[in-house]
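Here's the structure we're looking at; comments come further down.
The values are calculated or read from the model by the stated rules, or taken from the named source; none is laboratory data. Quick caveat: nothing in here was measured; it's all calculated off a predicted structure. Quick reminder, even Gly has a Cβ in these numbers, built from the backbone with ideal geometry, and neighbours come from all protein chains shown. Note: areas computed on protein heavy atoms with side chains; ligands, DNA, RNA excluded. Shrake-Rupley method; radii C 1.70, N 1.55, O 1.52, S 1.80 Å.
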Amino acid sequence: MNLIEVKNANKKYNNSVVLNDINIDVKKGEVLVIIGPSGSGKSTFLRCINNLESLDCGDVYINGEKVNFKNNNSKSVTNVGMVFQNFNLFPHMTALQNVMAAPVIVKKEKKEEVKERAINLLEKVGLKDKINCYPSKLSGGQKQRVAIARALAMNPDIILFDEPTSALDPELVGEVLNVIKELAKEGMTMIVVTHEMGFAREIADRVIFMEDGKILEEDIPEIIFSRPKHLRIKQFLQKVI
Ligand code: ADP
Ligand code: MG
């Protein structure tokens with residue numbers, strides 16, 4: 001069974017079409033990478049999967065269960081983690097408190113149990129010595145690794161990454177990509193929006209090229225990066241690589 005299925009996703013902002021009949025499915029353990037120019041609807045698509053925004057029509061199924069409902073009737077999708085470009089950490093909380101917040105507040109888990117798990121997760125992302133630091137004392141790469149630990153703390157079935165390294169200084173990109181690669185190796189199901197094409201090629205089981213709210217081409221990385229069917233994709237790749 002597919003872990004995620006998106007059927008005929010459509011969305012407009014004002015009168016402009018942002019998602020134009022998108023269909024995808026992602027199996028357990030699969031890494032789907034989405035590439036495409038700025039403004040093509042990639043972030044909107046991820047936010048609709050996570051129910052941070054609603055579709056005009058179409059459906060999102062996670063583990064076979066419909067999760068999107070309109071009119072603020074949205075279910076909180078706790079089994080889908082999300083990592084944003086700008087980290088979105090709580091500035092008044094330490095790294096440890098950031099990682100503990102959702103399981104304690106949303107899932108009402110016991111603080112002591114969550115604390116142990118949170119420390120282990122911060123150790124996993126290489127930040128055991130930073131657990132009591134506030135975000136303002138962390139580098140961008142460290143902040144993003146806290147954000148990844150925070151997503152993992154909810155024990156998600158899938159994690160969505162929206163350009164997780166775009167806000168980082170170039171020398172900090174590698175440490176974040178390495179953590180994501182490690183998760184992929186462990187079998188985490190992921191959808192990753194990225195402009196890091198070498199990383200995309202390495203990590204992806206499948207790649208989608210999005211433009212103007214549509215999927216222009218979907219294939220294995222070898223095809224998309226070496227022999228895409230669309231000239232448009234070749235041109236895009238020449239510009240970004
Ligand atoms: P990408 O992530 O591929 O750069 P986005 O999903 O952010 O694309 O944006 C797709 C289009 O939707 C863009 O034209 C953008 O200006 C527009 N858009 C995104 N968010 C909003 C919003 N909240 N209100 C109105 N328009 C938006
Ligand atoms: Mg975006």
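Express the accessible area of the chain per residue in Å², computed with a 1.4 Å probe while the remaining protein chains stay in the model.
48 Å²
For every helix of n ≥ 4 consecutive DSSP H residues, a contribution of -39,500 (n - 2.57) applies; sum these over the chain, divide by its total residues, and give [θ] at 222 nm rounded to the nearest 500 deg cm²/dmol.
-10500 deg cm²/dmol
From the C-alpha coordinates alone, can you work out the Kirkwood hydrodynamic radius of the range 180-235, in Å?
12.0 Å
To the nearest 10 degrees, how steeply does helix 140-152 sit against the main Cα axis of the chain, on a 0 to 90 scale?
Between helix and principal axis, roughly 90 degrees.
In terms of solvent-accessible area of protein heavy atoms at a 1.4 angstrom probe, what is the ranking of Lys124, Lys107, highest value first?
Lys124, Lys107
Report the net charge of residues surrounding Leu231, where surrounding means a beta-carbon distance below 14 angstrom and charges are Lys +1, Arg +1, Asp -1, Glu -1.
+3
Under a crude label model (7 Å from the Cα following the beta-carbon direction), how far is Cys57 from Glu182 in nanometres?
It is 4.6 nm.
What percent do you get for the relative contact order of the range 1-47 when only Cα pairs under 8 Å and 6+ apart count?
35 percent
Taking the Cβ of Tyr61 as the center, what net charge do the other residues with Cβ under 10 Å away carry, scoring Lys and Arg +1 and Asp and Glu -1? Display every interim value, and only then the final one.
Working: positive: Lys7, Lys66; negative: Glu5, Asp25, Asp59, Glu65.
Counting the neighbours of Tyr61, the net charge comes to -2.
State, as an integer percentage, the relative contact order of the range 1-134 based on alpha-carbon contacts under 8 Å between residues 6 or more apart.
About 20 percent, as a whole number.
Given the protein chains as shown and a 1.4 Å probe, how many square angstrom of Asp169 are accessible, to the nearest 10?
In the full protein context, Asp169 sits at about 90 Å².
Looking at the chain only, what percent of DSSP beta bridges run antiparallel? Nearest 5 please. Kindly include the intermediate steps, with their values, before the conclusion.
Working: 21 of 38 bridges.
In the chain, approximately 55 percent of DSSP beta bridges are antiparallel ones.
Quick one: with all protein chains in place, what share of the accessible area of the range 1-131 is carbon or sulfur, to the nearest percent (1.4 Å probe)?
Taking all protein chains in place, the range 1-131 shows 47 percent carbon and sulfur surface.
Give me the tail of P(r) for the range 153-201 as a percent: Cα-Cα pairs with distance above 15 Å.
I get 45 percent for the Cα pairs in the range 153-201 exceeding 15 Å.
Quick one: Karplus J couplings for the range 197-209, per residue in order, coefficients 6.51, -1.76, 1.60, θ = phi - 60°, nearest Hz, x for Gly and Pro?
6, x, 4, 4, 5, 6, 8, 6, 7, 9, 10, 10, 9
For the range 19-170, report the translational diffusion coefficient in µm²/s to the nearest whole number, using Stokes-Einstein at 37 °C, 0.692 mPa s, and a Kirkwood Rh over Cα pairs.
198 µm²/s
Once R0 is set to 41 Å, what does the formula 1/(1 + (r/R0)^6) return for the Cβ-Cβ distance between Asn10 and Cys133, expressed as a FRET efficiency to the nearest 0.05? Walk me through the numbers on the way to the answer.
Values: r = 43 Å, r/R0 = 1.05.
Rounded to the nearest 0.05, the efficiency is 0.40.
Relative contact order (percent) for the range 76-171, with alpha-carbon contacts under 8 angstrom and 6 or more residues of separation?
On the way: 136 pairs, mean separation 47.6, N = 96.
Relative contact order for the range 76-171 comes out at 50 percent.
Quick one: what are the phi-derived ³J(HN,Hα) couplings along the range 20-30, Karplus 6.51/-1.76/1.60 with θ = phi - 60°, whole Hz, x for glycine and proline?
10, 6, 8, 10, 9, 9, 10, 8, 4, x, 8
Can you run the Rg to Rh ratio on the range 103-221? Use alpha carbon positions and the Kirkwood inverse-distance Rh.
Ratio value, two decimals: 1.01.
Report the one residue of Pro228, Ser166, Ala149 whose Cα lies farthest in the direction of the positive end of the charge dipole of the range 102-241 (charges on C-beta: Lys and Arg +1, Asp and Glu -1; origin at the Cα centre).
Ala149
Quick check: the angle from helix 111-124's long axis to the longest principal axis of the chain, C-alpha only, nearest 10 degrees?
60 degrees
Magnitude of the Cβ-charge dipole of the chain, K/R +1 and D/E -1, about the Cα centre, nearest 20 debye?
440 debye
On a 0 to 90° scale, report how tilted helix 231-240 is relative to the longest principal axis of the chain, with both axes built from alpha carbons and the result rounded to the nearest 10.
40 degrees
Round to the nearest 0.05 the FRET efficiency obtained for Asn120 and Asn79 when R0 = 22 Å and r is the Cβ-Cβ distance.
That pair, Asn120 with Asn79, gives E of 0.65.
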